[in-house]
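K.L.:
Can you keep this structure in mind? I'll have questions shortly.
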Amino acid sequence: MRPFYSALAGAGAVLLAGLASAQAATEIEFWHAMSGALGERVDELVKKFNDSQKDYVVKAVAKGTYDEVLNGTIAAYRAKRQPEIVQSNERSFLTMVNSGAILPTSELMAQQGHPIDVSKFIAPVVSYYAIDGKLQAMPFNSSTPILFYNRDHFKAAGFDKPGATWQELEPQLDAIKAKGVSKCAMVLPGDYEWSFLENYSAVNDIPYATKRNGMDGLDTNFVFNKGKLVGQVERMKRLVSSGVMQLAGQGIIPIQLFTSGECSTIIASTASHAAVVAAAKFDWSAVELPYEQGVSPRNSVIGGAALWTLKGHTPEKYKAIAAFYDFLAKTDTQVWWHQATGYVPVTTAAYDAAKAQGYYQKNPTREIAVLQLMRGTPSDNSLGFRIGNSNQINVAIMEEVSAAFLDKKPVQQALDDAVSRGDEALRRYEQLNAGKK
Amino acid sequence: MPARNSAATLSVAASGGGLRLRWPLRRSFIRRTGDAQAESGLKRAHFREWRLPFWLLAPQLFILLLFFFIPSIRALIQAFQLTDPFGATTQWVGFQNFARLFRSSVYWSSVQVTLIFTLAQNVLTLSVALVLAFASNHILRGRGAYRTVLLLPYAIAPAIAGIMLAFLFNPRVGPVAHMLQGLGFDWDPNRNSSHALALIVMAASWKHICYNYIFLIAALLSVPHSILESAYLDGAGPIQRFLRISLPMIAPTLFFLIVINFVYGLFETFAIVDATTRGGPAGATSILVYKVYQDGFVTLDLGSSAAQSVVLMALALFLTFAQFRFIERRVNYSV
C-alpha cells in the first residue's frame, strides 16, 4: 500500500506544480465577433501577443455576430461571469458607456501606467470613441465604406471608372444594365443604413440628428426626413425598382454577388477587401464614396468595433488587459492588422509606416478608406453618431426604408415614420438614462 | 423566451390526452396503493399518502418551475419596467410598455401577418397531409416505403429546412426561383411581401405536414372496415367513401390537429422565420413570436419584448382553455 500512497502524493505534487506554473501567467478572456478569415486573423493577433511575453495569456473566443456577442456579454455580466474584454460594434457605444459595466480605456491605461495619447489616433476614431478627450473603448477594427467595382464591366460599358458624384455614377449604372453588361449593376449591402444613409449625411455634410448627431446630449432628434437624404432614398428606390440595384436577400451575403462577378459594384466596408481578394476572379478596383454634385465632400464615419473592458476583475487581470491594449496600439501591430484584414490603421503613425513601406503603391485600394476618413477636419455632421437605443432605431429605419422600396409607402412618409419611431426610442433612452452623457 | 416556454407547456397540455395512463397501467397503480374502491371513479385520488405522488411529480414540477414559472414571472415583472440591457438602471413604468405596444402600428401589422400566416399554414398543412394520408392509405405495394419518405422531413431541424427553402427560392441563385421565373412568374420574396409570406407558409407547412400525416393515417386506419365495405357494396367510390365515411369519423383527429397547428404556427415557427426571411422584407413576415425575439435579443428592447411575451402567454392560456373546454368536451375520441 505504501508505494501506492507515495505515488499518489507524487502525482498530486506534480499536478499542483503544473497548476502553479499554469497560473503564473494571468489569463484573460476576449470575446469577439470576427468570423471566417477575420476570425483567423484575430487568433493570429492574439498568438503574436501571447508569444511576445510570458506574463499574460489572452484567450480569444468567437461568440458569433456582434449582436450575439453583446447578448452573451449581457447574460454573462448579469450572471457575474463576464469576460475581461469584449468586442462591440460602434453602434453600441452608448449602450456600453452607460451600462455601468465597463471601465473606460483611458482610465484603465492611466492606472496601469500606459497613458494613452488620443492625438495619436485618427480623428474620426477619436470623435467616435472618446468623451471629453477620454477614450471609452480601445479602437480595434475600424472601417469605412468605399465603392468596389468590377473594372471589366465598366470597360465593357465604355467607362474608365465610376464617377465621383452620384450624378455621374447613376447614368453609368443605368448604362451597365441597359447595355446588358450585367443584370445587376449594383447590389444593396446589408448595412445600407450605415453606408447609404449615415455616411451619406457625413460626406455631404448634412445633419442626421440634432445636437451634432447626438454628441451634445441625449435630447437629440432625428432630422433625416428632410432635404438631400430624402433624395438619396428616392434614388435608392429608383435604382431598386428599375432593377439596376439588386437585393441579395436571405441566404446570400451581398458581397458574394460582387465577388462572383454577378453584380458590377457594391458599396461596402473596406474590410471587405479580405473577401474580394480571396474570391474575385476579375479585374476589380475601388474608389471613394460617391457624393452629391457641387458638394465638397467631408470625411466619412467609421464602422467596425472597439474593445471594451468589463468591470469586476482582479488588478492582475487589468494589468494584463492594459498590456494587451498597449500591444494593439503599437505601430507594428497596427500595420500588420491593417494589411492582413483591410481594416484601417487607427493611429496616424501606423498609416505613415505603411506608406513608407510603399504598401499603398502596390495596393492602392487599401489607402482609399484611410484617405476618406482623414479628409479635411470633421464637421459637426461628420464627427460620428451618438445615438441611444441604436439597435432598435437601426432596425426601425431599415424596416421603413425597405417599406418604401416595396412600394408599401411613399419615401417621404417612410422617412417620417422612421424619424418618429426613432425619436420615440431616443426619448425612452433619455427617460432611462436621465442625467447621463 | 418565456413565450417559447409557455408554448412548450401548452403543447404538452394540448397533447395531454395522449399522455394519460392507459387502462392496464392505471389498474396496476391502483392495486399497488391498495385502494379497492378507486376503480369505480377515475377522478378520485388514488394515493392515500402524499409522499409517493409528490416524488413522482417532482421532476416534472422542477422542470416546469425552471423553464416555465421562473421565466414567466420574470417576463411579467419586466413587462412593467424600463430597463437597461445590462441591468444598470431599472424604472417601473406601469403599463407604458403595453400602451406603446398597442399604439404601435408595427405591432398590429405583425398581428395581422401572424393571423394570415397561421391560417394559411393550417389550411395548407392539413389539406396536404389529408391528401397524402388518403392516397397512401390506398396504395398497397410499398406502403411502408411511402410512409417513411413522407415522415422524413419531421427529422430535419427547422433552421436547416428554413435555410434550404430560402436558398431554393432565392430569386438570384435558387433553382426553384429560376424555374418560376422561367414560367414568367416574377418571383422575388425580397421585394414582394406576399411572396415572402408564401415562402414561410411553405417552409412551416412542409415541416409540419408529416406530423399531421402520422395522426391522420392512424385515424384512417382505425375507421372500421365493416362500414367502408358496406359502403363499397352499396356502390360508393373511394372518394365518396372518404368524404362521406372516413372524414366524419376522423373529425376528432382533425380538430385536434387544427389546435396543434395553431399552436405550432403561433409559437414554434421562430426558427423557420429566422432562417428563411428574418422577418423581412419590411416586417412582412415578422410574426408575433419572431418579434418577441427580435425586440428582446436583437434590439435589446427588453420591456417591449416582455410585454409582447405576456400577451402571447395570455393567448396560449386562452388556446389551452379553449381546447379543453370546447374541443375535448364535444369531440368523441373513441372512433
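K.L.:
Going by the alpha-carbon gyration tensor, a ≥ b ≥ c the square roots of its eigenvalues, is the stretch A:282-437 rounded (a/c under 1.5) or, if a/c is not under 1.5, prolate (a/b greater than b/c) versus oblate?
P.N.:
It is oblate, given that a/c is not under 1.5 and a/b is not larger than b/c.
K.L.:
In chain A, what % of DSSP beta bridges are antiparallel (nearest 5)?
P.N.:
Numbers: 26 of 42 bridges.
Around 60 percent of the beta bridges assigned by DSSP in chain A are antiparallel ones.
K.L.:
Need one value for B:162-170: mean number of C-beta atoms belonging to other chains within 10 Å of its residues' C-beta atoms.
P.N.:
For peptide B:162-170, the averaged partner shielding equals 3.
K.L.:
For the protein assembly as shown, which whole percent of the accessible surface, found with a 1.4 angstrom probe, sits on carbon and sulfur atoms?
P.N.:
Result for the protein assembly as shown: 62 percent of the exposed heavy-atom area is carbon or sulfur.
K.L.:
Can you give the mean number of other chain Cβ atoms that lie within 10 Å of the Cβ atoms in peptide B:76-89? Numbers along the way, then the final one.
P.N.:
Values: counts 0, 0, 0, 0, 0, 1, 4, 1, 9, 15, 14, 6, 8, 8.
Other-chain Cβ atoms within 10 Å of each residue's Cβ, averaged: 5.
K.L.:
Can you list the residues, at least 5 places off or on another chain, whose amide H is less than 5 Å from the amide H of A:Ile131, using H built in the peptide plane?
P.N.:
Here A:Gln136 satisfy the definition.
K.L.:
In the stretch A:292-341, which trypsin sites (Lys or Arg not before Pro) are in a loop and have at most 13 other Cβ atoms within 10 Å, using DSSP for the loop call?
P.N.:
Sparse-neighbourhood loop trypsin sites (Lys or Arg not before Pro): A:Lys311.
K.L.:
In peptide A:100-112, what is the residue-averaged number of other protein chain Cβ atoms found within 10 Å of each Cβ? Before the final figure, lay out each step's value.
P.N.:
Values: counts 5, 5, 1, 0, 0, 0, 0, 0, 0, 0, 0, 0, 0.
Across the residues of A:100-112, the mean count of other-chain Cβ atoms within 10 Å is 1.
K.L.:
Here is a follow-up. Provide the net charge surrounding A:Arg238, with neighbours chosen by a C-beta distance below 11 Å and charges set as Lys +1, Arg +1, Asp -1, Glu -1.
P.N.:
So the environment of A:Arg238 carries a net charge of -1.
K.L.:
Would you grab the residues whose amide H sits under 5 Å from the one on A:Gly304? Only those 5+ places off in sequence or on another chain, please, with H modelled 1.01 Å from N.
P.N.:
For A:Gly304, the qualifying residues are A:Glu90, A:Ser143.
K.L.:
Express the accessible area of chain A per residue in Å², computed with a 1.4 Å probe while the remaining protein chains stay in the model.
P.N.:
In whole numbers, chain A has 39 Å² accessible per residue.
K.L.:
Find, to one decimal place in angstroms, the Kirkwood hydrodynamic radius of the stretch A:180-250, where the mean of 1/r is taken over every pair of different Cα atoms and then inverted.
P.N.:
Working: mean 1/r = 0.0737 Å⁻¹.
For the stretch A:180-250, the Kirkwood estimate is 13.6 Å.
K.L.:
I need to check one value: relative contact order of the stretch B:160-253, counting alpha carbon pairs closer than 8 Å and at least 6 residues apart, in percent. The partial results should precede the final answer.
P.N.:
Numbers: 54 pairs, mean separation 17.6, N = 94.
Contact order relative to length: 19 percent.
K.L.:
Counting other C-beta atoms within 10 Å, and keeping those with at most 16, which DSSP coil chymotrypsin sites (Phe, Trp or Tyr not before Pro) do you find in the stretch A:267-327?
P.N.:
Qualifying residues, ordered by number: A:Phe282.
K.L.:
What is the interface area between chains A and B, defined as buried accessible area summed over both chains with a 1.4 Å probe, reported in Å² to the nearest 100?
P.N.:
By this definition, chains A and B bury close to 3400 Å².
K.L.:
Now for a different question. If you check each cysteine of the protein assembly as shown for another cysteine whose beta-carbon is under 4.7 Å away, which ones come up empty?
P.N.:
B:Cys210
K.L.:
With a sphere of radius 15 Å drawn around the Cβ of B:Val176, what net charge do the other residues whose Cβ falls strictly inside it have (Lys, Arg +1; Asp, Glu -1)?
P.N.:
Overall, the nearby charge balance is -1.
K.L.:
Just need the relative contact order of the stretch A:218-301 here, percent rounded to a whole number, with Cα pairs under 8 Å and 6+ apart. Don't skip to the answer; put the middle values down first.
P.N.:
On the way: 31 pairs, mean separation 13.9, N = 84.
Once divided by the residue count of the stretch A:218-301, the mean separation gives 17 percent.
K.L.:
For the protein assembly as shown, what does the helix formula give at 222 nm: sum of -39500 (n - 2.57) over DSSP H segments with n ≥ 4, over the residue count, nearest 500 deg cm²/dmol?
P.N.:
Working: 37 runs with 428 residues, N = 772.
So the helix-based figure for the protein assembly as shown works out to -17000 deg cm²/dmol.
K.L.:
Still on this model: Could you work out the relative contact order of chain A? I mean the mean sequence separation of Cα pairs under 8 Å and 6+ apart, divided by the number of residues, in percent.
P.N.:
24
K.L.:
What ranking do B:104-114, B:133-143, A:262-272 get when scored by the average of other Cβ atoms within 10 Å per residue, highest first? Can you show the working numbers first?
P.N.:
Details: B:104-114: 16.5, B:133-143: 14.0, A:262-272: 25.5.
Taking the mean over residues of other Cβ atoms within 10 Å, the ranking is A:262-272, B:104-114, B:133-143.
K.L.:
Next up: Going by amide H atoms built from the backbone, whose H comes under 5 Å of the H on A:Ile102, apart from near neighbours?
P.N.:
A:Lys311
K.L.:
Percent antiparallel among DSSP beta bridges with both residues in the protein assembly as shown, to the nearest 5?
P.N.:
Restricted to the protein assembly as shown, the bridges split so that about 65 percent are antiparallel.
K.L.:
Could the peptides A:42-52, A:96-106 be put in order, highest first, of the mean number of other beta-carbon atoms found within 10 Å of their residues?
P.N.:
The packing order, highest mean first, is A:96-106, A:42-52.
K.L.:
Given the options B:Gly162, A:Phe121, A:Ala418, identify the residue whose Cα lies farthest towards the positive end of the charge dipole of the protein assembly as shown (+1 on Cβ of Lys, Arg; -1 on Cβ of Asp, Glu).
P.N.:
With unit charges placed on the Cβ atoms, the residue in question is B:Gly162.
K.L.:
Still on this structure, please answer the following. Provide the gained length on full extension for the span A:Lys155 to A:Ala178, in nm with one decimal, where the gain is 0.36 nm per separating residue minus the Cα-Cα distance.
P.N.:
Answer, rounded to one decimal: 6.8 nm.
The values are calculated or read from the model by the stated rules, or taken from the named source; none is laboratory data. Computed from a predicted model, the values in this text were never measured in an experiment. Cβ atoms come from the backbone with ideal geometry, glycine included; neighbour counts cover every protein chain shown. In case anyone asks, the SASA skips ligands and DNA or RNA and just uses the protein heavy atoms, side chains included. Shrake-Rupley method; radii C 1.70, N 1.55, O 1.52, S 1.80 Å.
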